[in-house]
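What follows is one structure encoded as structure tokens, with my remarks underneath.
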Amino acid sequence: MAPDGNTLTDVTADSSVEIVPLQEKPQPARILRQYELVDRVKAYAPSASEEQLNAAYVYAMMKHGTQQRASGDPYYSHPVAVAGILTELHLDEDSIVAGLLHDTVEDTDATLEEIGSLFGQDVCDLVEGVTKLGELEYSSEQSKQAENFQKFILASVRDLRVLLVKLADRLHNMRTIHFIKKEEKRKRISRETLEIYAPLARRVGIYKFAAEFEDIAFRELNPDAYETLQVRIKELNARSLEDVSRVDVELRDMLERAGIEGRVVGRQKQPYSIWRKMNRKDISFRDVADIYAFRMILKNPDDCYRMLGVVHQKWACLQERFRDYISMPKPNGYRSIHTTVRAAGNRRIELQIRTEEMNRTAETGVAAHWSYKGKNYGFNAEGALEVGLDPARSLTAFAEMIGDGADAQEFYEHAKLEMYLDHVFAFTPKGRLIVLPSGAMPLDFAYAVHTRVGDTCQGCRINGETRPLRTGLRNGDVVEIIRGEKPAVVAGWDALTQTGRAKSAIRRLIRSRESAGYHSLGESALEAALHRLNFTTEELDLDEVAHRLHLKSGDALLEELGRQAIDVKQVIAEAFPARAQEIMRSIEAMRLDESTANRLIDIRDMPAGGGLHLCHDCSPVLGDRIVGLQKKGEPITVHCIDCNRLADDGAEQARWFDLSWSGQPDGGIMALGRICVTANNRAGVMAQLCTAIAESGGNIITVKSGERSIDFTDLMFDIEVADLKHLTLILATLRALSAVDKVERIRG
Ligand code: MN
């Protein structure tokens, strides 16, 4: 997942905010009456024109006449409900009026001119912007659909209210979607909601809408999963009731003791957010759901930080889950402190600490910034900017795409993908867009470009800088794959991929390489045996022998021989049936001297990764004295001669090989050197060690800290080195440091 704070999708990345309060969803209410709507608006915007609101209400009612909704309700109930939703966001009068009129141009004989003359240019522009997108879901023509979307985004960038009215429109349509009879239509609308509207709502910070969009769409698209999760959530709630109220009491108690005013709210995870986490992180229901979630709403930011201190003093904080969005708000203006703590009884508690104002912004995002400025009620841009919310910026990425001259169709697809939660978008140096699942790494990228690019990938540059292959890609990264002439992929690179495509390609490559390794192993075993019996390879028709042994070909035979699936004696006896007895006798004689059967194999001659594996425990490097061990049906494992593993079970029965290194390090595949450094426990030591290793040309793969006393600490490094000489050099360099007490190469 992308780290916070610098990518477009990160406003959606932290899913702990998907949670809505522990209350039932508002049910679609009866039709809001004219005076009720007016009262609602007047309650937060007393200067709103009653006349204008009444006129719009009546106009919508008259224009829609006897039209009906799928529910059987009169059609005008829909625009009235949309206007009602907009009052929940406390939007201005023009937005409410536009909500009432939003379907008139499309579905009745009303015209934009008429609306302009009756309700003013602003309302007219709003209705036009919303109407454009109204055609989105119904247009059969894809290019038309795309064009409408582009116009809608441009209209929203010009005036954000267009987007807000449209979101309210979609919300009411989703709340009533179950009335639509055709399943296919329900699914199509739900998919569009999940792909476009929920992400758009998040983009402008209206998490309240986003959560409801997702919940309903998920219910429509995946009714079985939805049902199951609902049931399990209820079970879990029943079981944890007591625990939850205990935590609730403890939190209130903490507030009181600290003398901080505020309230504590319990939160419940929604089926969709649990589902998404289960899928994305591949974890179980319990792991996601079995966390008690609370929110503390306090008076001011100072109190938030004080409360955080109180909580962390009582309960241990899970460091990797701590986020301070108060000092670093999300681009959509979201602010809050998130922390997860471990309380007594190993209970995990997820806590959001925020002020009342932050809470409102978290639910209604950009809409929280409609207020009075003098006599006018409207969007308070300065107020929004003050808390780090720039609505223009939240849509800028789209506007830029349009500016780049993307055609409408392309834009629609890109925007959809761009917003889609579980993808990451990266580019080739020539600008080709590569879409990958989030969490994808450079190898996934390479294989997505072309299988050959993946196979020969040796490294990568991201945005011009050389980066390790285990780097997670982020939106907008330009990825350049560094390729060698021969396939460089080795077993284990599998872990550097996310996509099925890359994984299967790597597996295929490894398999074919392994066959090649076994093939050459079999070949040398056969040659050695023939040589000892004074035969030559020319005297023997391998394909013929293979046929008699029911194998496909001579090559397959050599491979089987390498795997020890068949015996070299069997092959020779089969090859020279006339002299079988004589051969068997010679072989019997040879058995007396089995140890001479060990052959010297030059491990640098073997294809990388094929038939040979380096022991993970001793991780031999070029220059170490080594020995090979082959258990039946397994590849040869290369060990240092002092490796503990050589005393393992089964090692005695295995076939042993004298192995030797040959040639110079070729700068290709590096070996792993593992060292332990005992160093002084003072600040900056780690940086000093890393610098020394890097300056000696070692590439640090992992660092672990081991035992730690008051003054000294053990640090374990896995370092990529060229050979033993290189490793020895690094050891010497480290020993020379004043902070270092002891340096050892370690095994296992
Ligand atoms: Mn509508």
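The values are calculated or read from the model by the stated rules, or taken from the named source; none is laboratory data. In this text, all values refer to a predicted model and were calculated from it rather than measured experimentally. All Cβ positions, even for glycine, are placed from backbone atoms using ideal geometry, and neighbour counts span all protein chains on display. These area figures cover heavy atoms from the full protein model, side chains too; ligands, DNA and RNA do not enter into them. Shrake-Rupley method; radii C 1.70, N 1.55, O 1.52, S 1.80 Å.
Among the residues of the stretch 683-717, those identified as among the small types (Gly, Ala, Ser) and assigned to a helix (DSSP H, G or I) are Ala687, Ala692, Ala694. Within the stretch 75-106, being within 14 Å of the ligand (Cβ to nearest atom), open to solvent by 10 Å² or more (accessible area, probe 1.4 Å) and touching a helix residue (DSSP H, G or I) at 6+ places or on another chain (Cβ under 7 Å) holds for Tyr75, Tyr76, Ala81, Asp103, Val105, Glu106.
Taking the conditions exactly as written (among the polar types (S, T, N, Q), in contact with a strand residue (DSSP E or B) (Cβ under 8 Å, 6 or more places away or on another chain) and modelled with pLDDT under 80), does Gln564 satisfy them or not? Taking the combined requirement at face value, the residue satisfies it.
Of the residues screened, Asp122 is not one that is at pLDDT 90 or above and either farther than 22 Å from Ile85 by Cβ or within 16 Å of the ligand (Cβ to nearest atom) (or both). Within the stretch 235-263, the set of residues being of a type in the set (Gly, Ala, Ser), free of Cβ contacts under 8 Å to residues at least 12 places away in the same chain and in a helix (DSSP H, G or I) comprises Ala238, Ser245.
Considering each residue of the stretch 107-119, count those that are within 14 Å of the ligand (Cβ to nearest atom) and open to solvent by less than 30 Å² (accessible area, probe 1.4 Å), and give that number. Before the answer, list the steps.
Quick first cut of the stretch 107-119, residues within 14 Å of the ligand (Cβ to nearest atom) only: 107-108, 110.
Imposing the further condition that a residue be open to solvent by less than 30 Å² (accessible area, probe 1.4 Å) reduces the set to 108, 110.
Here the count works out to 2.
Filtered by the rule that a residue be open to solvent by 20 Å² or more (accessible area, probe 1.4 Å), outside any helix (DSSP H, G or I) and not aliphatic (A, V, I, L, M), the stretch 516-544 gives Asn534, Thr536, Asp541. When Glu480 is tested against the conditions (1) within 17 Å of Phe427 (Cα to Cα); (2) touching a residue at least 24 places away in the same chain (Cβ under 8 Å); (3) open to solvent by 80 Å² or more (accessible area, probe 1.4 Å), the lone failure is (3).
Kindly establish whether Arg232 is within 21 Å of Leu351 (Cβ to Cβ), in a helix (DSSP H, G or I), open to solvent by 50 Å² or more (accessible area, probe 1.4 Å) and among the basic types (Lys, Arg). So Arg232 does not fit the description; no. Taking strands (runs of 3 or more DSSP E) as the structural unit, those lying wholly within the stretch 273-386 and holding at least 2 residues that are more than 17 Å from Val247 (Cα to Cα) and touching a residue at least 60 places away in the same chain (Cβ under 8 Å) correspond to 370-373, 376-379.
Quick grid of which residues meet (1) within 16 Å of the ligand (Cβ to nearest atom); (2) more than 27 Å from Leu91 (Cβ to Cβ); (3) open to solvent by less than 20 Å² (accessible area, probe 1.4 Å); (4) modelled with pLDDT of 90 or more:
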{"site": "Lys151", "(1), (2), (3), (4)": "no, no, no, no"}
{"site": "Leu163", "(1), (2), (3), (4)": "yes, no, yes, no"}
{"site": "Lys182", "(1), (2), (3), (4)": "no, yes, no, yes"}
{"site": "Pro199", "(1), (2), (3), (4)": "no, no, yes, no"}
{"site": "Phe209", "(1), (2), (3), (4)": "yes, no, yes, yes"}
{"site": "Ala217", "(1), (2), (3), (4)": "no, no, yes, yes"}
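Please state which of the following conditions Leu221 fails to meet, knowing it meets all the rest: (1) within 16 Å of the ligand (Cβ to nearest atom); (2) within 25 Å of the chain's Cα centre (by Cα). Failing condition for Leu221: (1).
Given the criteria more than 16 Å from the ligand (Cβ to nearest atom), more than 25 Å from Lys314 (Cβ to Cβ) and among the β-branched types (Val, Ile, Thr), does Ile189 qualify? Answer is no for this residue. For the stretch 443-487, the strands (runs of 3 or more DSSP E) that sit wholly inside it and include 2 or more residues that are among the charged types (D, E, K, R) are 465-467, 479-483. Could you say whether any residue in the stretch 341-361 is modelled with pLDDT of 75 or more and on the phi > 0 side of the Ramachandran plot? Checked the stretch 341-361: at least one residue is modelled with pLDDT of 75 or more and on the phi > 0 side of the Ramachandran plot.
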